[in-house]
Amino acid sequence: MKAEEIKVAVMVMEGTNNEVATSDAFSMLGATPEIVHINQFQKKDIPRDMKRKIGDYQCLIFPGGFSGGDYVRAGAIWAARMKATLKDDIVKFVREGYPVGGVCNGFQVLVELGLLPGSPAVVPDYPSAVLRQNKSSHFECRHVLLRHVSRGNCAWTNNVGHDAVVEMPIAHGEGNFTLPLDCEDATLKALVANDQIVFRYVDEGGDFSEVYPWNPNGSIYNIAGVCNGEGNVFGMMPHPERVLSKYLLQRWHHMKGAGEEGPGVAVFSSVLDHIKRRF
């Protein structure tokens with residue numbers, strides 16, 4: 001499949017943002033993105049030319065923002081709307097191997113749906129993790145450092161160098177990735193063994209530090225991004241779409257001879273390369 005043949009649905013609903021930057025990321029790499037409101041999948045009483053089906057696309061991505069005003073829990077309302085009417089379509093899409101991504105609020109949506117960290121049920125009755133309030137109790141808006149720890153399982157990051165440390169911005173109040181206390185250790189060990197942990201927060205020396213602000217939200221094991229067991233569903237709290245150019249980085253002047261691209265480009269190129277190879 002050629003890049004221009006890849007149709008990407010950039011999902012939106014009331015309260016989302018970053019959809020334009022996300023769409024631009026795919027456009028600059030030659031794909032064909034479309035910003036699609038959830039009502040275009042759900043509503044029957046809309047013009048025929050506005051109706052869409054999930055199966056029309058080869059990739060879905062949920063961008064950041066404050067969907068549904070972040071009431072109940074961040075991402076919970078959007079996930080509930082998806083589960084109520086589009087559950088079967090999402091399950092089919094994921095089981096067929098098509099990629100689904102989520103950034104910031106989109107990550108929260110995928111966790112609330114139960115797509116991440118994933119289970120045999122694909123969309124289970126209850127989520128198996130949660131992104132809760134930052135330990136600082138503050139909205140954290142800053143640039144952070146991440147180490148790419150995936151060993152190759154994640155379809156969304158294979159163009160990011162293994163063990164590379166990259167800079168990306170965050171902007172969230174609920175980014176504390178938390179596992180159930182009664183099975184926390186066992187679940188974490190399984191995520192590591194299954195190569196489902198993709199990005200971890202690090203300090204300026206590239207070391208894993210639980211100390212604030214290097215771990216800006218208190219996530220267990222410094223987790224900043226995870227994928228499902230099959231590697232096609234991926235979510236992360238930092239915003240790759242905001243660093244498509246190196247000049248948007250705080251440390252851009254240290255990237256001598258690195259070209260013009262920022263580290264976010266590799267995330268979007270990775271998933272497009274995966275689709276080209278597989279479909």
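Values as computed for the structure displayed
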read-out: Relative counts (whole %) of C-alpha pair distances in the stretch 9-118, using bins that are 5 Å wide; value: 2, 12, 24, 26, 22, 12, 2, 0
read-out: VAL130 long-range amide H proximity, modeled H, under 5 Å; value: THR178
read-out: Sequence-distant residues sharing a close amide H with TYR212 (under 5 Å, placed H); value: none
read-out: Over the chain: helical MRE at 222 nm, DSSP H runs n ≥ 4 each giving -39500 (n - 2.57), nearest 500; value: -7500 deg cm²/dmol
read-out: Computed Rg/Rh of the stretch 146-203, alpha carbon atoms with Kirkwood Rh; value: 1.00
read-out: Set of lysines with alpha-carbon distance to LYS87 below 20 Å, sequence-local pairs under 8 removed; value: LYS43, LYS44, LYS51, LYS53
read-out: The chain: most fluctuating residue of ALA74, ALA31, ALA164 per GNM, C-alpha cutoff 10 Å; value: ALA164
read-out: Counted charge near GLY97, where neighbours are those whose Cβ lies closer than 12 Å (Asp, Glu -1; Lys, Arg +1); value: +2
read-out: Normalised contact order of the chain, rounded percent, pairs of Cα under 8 Å and 6 or more residues apart; value: 19 percent
read-out: Computed lengthening from LYS276 to LEU248, 0.36 nm per intervening residue step minus Cα-Cα distance; value: 7.2 nm
read-out: Long-range HN-HN contacts of VAL12 with modeled amide H, under 5 Å; value: VAL36, HIS37, ILE38
read-out: DSSP H segments from the chain that extend 15 Å or more along their own axis, Cα-based, with Kyte-Doolittle mean of 0.0 or above; value: 76-95, 264-278
read-out: Free-standing Cys, the chain [no other Cys Cβ under 4.7 Å]; value: CYS59, CYS104, CYS141, CYS183
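We did not get these values from a lab; they are worked out from the coordinates using the rules stated. Predicted model, so just to flag it, every value in this text is computed and none were measured. With ideal geometry, Cβ positions are generated from the backbone for all residues, glycine too; neighbour counts draw on all protein chains shown.
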